[in-house]
Amino acid sequence: MNCKKLFKYEIVGIFIIFFLGVLWHQLYDILGQNFIVGLIAPVNESMWEHWKIGFFPIIIYSIIEYFFVKDETRNFLFSKFISIIIFEIVCFSLTALWHYFFKEAPETLNLIVDIGSYFIGIVFGQIAGYYTACKTNYKKTLFYVAILGILIHIIVFIIFTINPPKYDYFKDSTTGKYGIFNTTS
């Protein structure tokens, strides 16, 4: 299968997803802290809420991308699910390792590492998605795995935005509060 066109879209996607994520990070505040928007965009500065800035921009870009590359791919939806999973593993592993080992790092340096980890996560996710779309044999089962995985992500985002577990990972690093309702305990 010739995937040259898909490769170009995956490379362009790195930058579009990155910039969508930057916008996504502020979307909740830009739109007046709308409850519905808060279910899909970060509502605070917790590590957990930042997962949304990868997931939803990847989904949005993938929907647009599909119309241009659908004839060149196999298992497109599954490849995008793989992109999401690889993004999450790479981005949040790098970020967690940095913050664990360099707790006293200056805030500016932390921001640079966070943004760099986000970008590297997108790159690795797009590469993994590309290879999955081009190299795997079509299987209907993979489509269902992707649908289930994406739906689980969305459901968990909604639940943990409304009622987050009371662990530091879900706590706003600037206010000490949790979730969309800004609870303290």
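The values are calculated or read from the model by the stated rules, or taken from the named source; none is laboratory data. Keep in mind that this is a model prediction, so the values were computed, not measured. Quick reminder, even Gly has a Cβ in these numbers, built from the backbone with ideal geometry, and neighbours come from all protein chains shown.
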- Message: I'd like to know if the range 94-101 contains one or more residues that are in contact (Cβ under 8 Å) with a residue 12 or more places away in the chain, touching a Phe, Trp or Tyr at 6+ places or on another chain (Cβ under 8 Å) and surrounded by fewer than 17 Cβ atoms within 10 Å (Cβ to Cβ).
- Response: no
- Note on the structure: Looking across the range 65-93 at residues that are acidic (Asp, Glu) and surrounded by 14 or more Cβ atoms within 10 Å (Cβ to Cβ), the single one that is farthest from residue 151 (Cα to Cα) is 72
- Message: Would you confirm whether or not the range 141-150 contains a residue that is within 16 Å of residue 92 (Cα to Cα) and either of a type outside the set (S, T, N, Q) or without any contact (Cβ under 8 Å) to a residue 24 or more places away in the chain (or both)?
- Response: no
- the range 149-182, residues that are closer than 17 Å to residue 34 by Cα and not in a helix (DSSP H, G or I): 163, 178, 179, 180, 181, 182
- Query: Hey, any hits in the range 128-148 for a residue that's surrounded by 14 or more Cβ atoms within 10 Å (Cβ to Cβ), hydroxyl-bearing (Ser, Thr, Tyr) and within 14 Å of the chain's Cα centre (by Cα)?
  - Reply: no
- Considering residues of the range 149-160 that are farther than 30 Å from residue 71 by Cα and either surrounded by 15 or more Cβ atoms within 10 Å (Cβ to Cβ) or among the basic types (Lys, Arg) (or both) only, the residue nearest to the chain's Cα centre (by Cα): 157
- Item | Yes/no for residue 118 being within 24 Å of residue 39 (Cα to Cα) and at pLDDT 95 or above | yes
- Scan the range 104-118 and give yes if some residue there is of a type outside the set (Asp, Glu) and in contact (Cβ under 8 Å) with a residue 24 or more places away in the chain, otherwise no. yes
- Item | residue 163 being polar (S, T, N, Q) and either on the phi > 0 side of the Ramachandran plot or surrounded by 19 or more Cβ atoms within 10 Å (Cβ to Cβ) (or both) | no
- Would you call residue 55 of a type outside the set (A, V, I, L, M), under 17 Å from residue 146 (Cβ atoms) and in contact with a His (Cβ under 7 Å, 6 or more places away or on another chain)? yes
